[in-house]
1. Let me confirm something: among V100, V130, V84, which residue is assigned to a helix (DSSP H, G or I) and crowded, with 23+ Cβ neighbours inside 10 Å?
2. I'm checking my understanding of the structure. Among residues of segment 87-97 that are over 19 Å from A139 (Cβ atoms) and either among the basic types (K, R) or in a loop (DSSP other than H, G, I, E, B) (or both), which one is most open to solvent (accessible area, probe 1.4 Å)?
3. Just to be sure I understand, how many residues within segment 60-81 are over 19 Å from L24 (Cα atoms), open to solvent by 30 Å² or more (accessible area, probe 1.4 Å) and modelled with pLDDT of 95 or more?
4. Considering each residue of segment 32-46, count those that are crowded, with 23+ Cβ neighbours inside 10 Å, of a type in the set (D, E, K, R) and assigned to a loop (DSSP other than H, G, I, E, B), and give that number.
5. Cβ-Cβ under 6 Å, sequence separation 6+ or interchain: first residue in segment 26-45 and free of Cβ contacts under 8 Å to residues at least 12 places away in the same chain, partner among the small types (G, A, S) and crowded, with 23+ Cβ neighbours inside 10 Å. Which pairs?
6. As an exercise: evaluate Q20 against (1) modelled with pLDDT of 95 or more; (2) touching a Phe, Trp or Tyr at 6+ places or on another chain (Cβ under 9 Å) and give the number of the one condition it does not meet.
Amino acid sequence: MIGAVILAAGEASRFGSPKQQLMLPDVLSAVRASSVDEIVVVEGAYELETDARVVHCAEWQRGMGASLRCGLEALPTDMEAAVVILADGPNLVPEAIDRVITAWRGGAGEAIAASYGGVRSHPVLLGRSVWKDVPDEGARALVQQFVHLDDLGHPGDVDYPDDLRLREA
């Protein structure tokens, strides 16, 4: 059983408004089309409206790792691993999620990240054995293996309103 934790807890200060709410439908659509068994969205700075299961992380200001730990703790105990997804990556495709899961099932390691053109990104997959090791900074320090997804295109990283406009153009 594989869970998905969608991180949507940040303040979005550079964007100037709750960007998570704008992009969450596209991200959820990709995650739902993948092979994950359970989805949890982590909110923090803003309350999110969605039909997905949402958990509030009171410690979201401590860092992405604090939000990730909230999401991991909210997953059912039968989850063997969790795919970590960023809510500000609206170009994510289900195939990226499934390839990271396939790599994990094939023995690639307990902490795996996608890379696009040599650039580390998401999704990230964490086997249950490393969940307890997530620092406040997030899973970046845990990742030792990469799945090259150059053919799929980067999932996006929207920090400013212009980033979203470029995506829509």
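1. Working: V130 fails: crowded, with 23+ Cβ neighbours inside 10 Å; V84 fails: assigned to a helix (DSSP H, G or I).
Answer to the check: V100.
2. The initial filter retains those residues of segment 87-97 that are over 19 Å from A139 (Cβ atoms), namely 90-91, 93-95.
If we keep only those that are either among the basic types (K, R) or in a loop (DSSP other than H, G, I, E, B) (or both) as well, we get 90-91, 93.
Details: P90: 10, N91: 69, V93: 41 Å².
Per the criteria, the residue is N91.
3. The number of residues fulfilling the criteria is 6.
4. 0
5. Note: no pairs meet the criteria.
6. (1)
The values are calculated or read from the model by the stated rules, or taken from the named source; none is laboratory data. Since this is a predicted model, take the numbers as computed values, not measurements. Glycine also receives a Cβ, built like all others from the backbone with ideal geometry; neighbour counts cover every protein chain displayed. All accessible areas refer to the heavy atoms of the entire protein, side chains included, with ligands and DNA or RNA removed. Shrake-Rupley method; radii C 1.70, N 1.55, O 1.52, S 1.80 Å.
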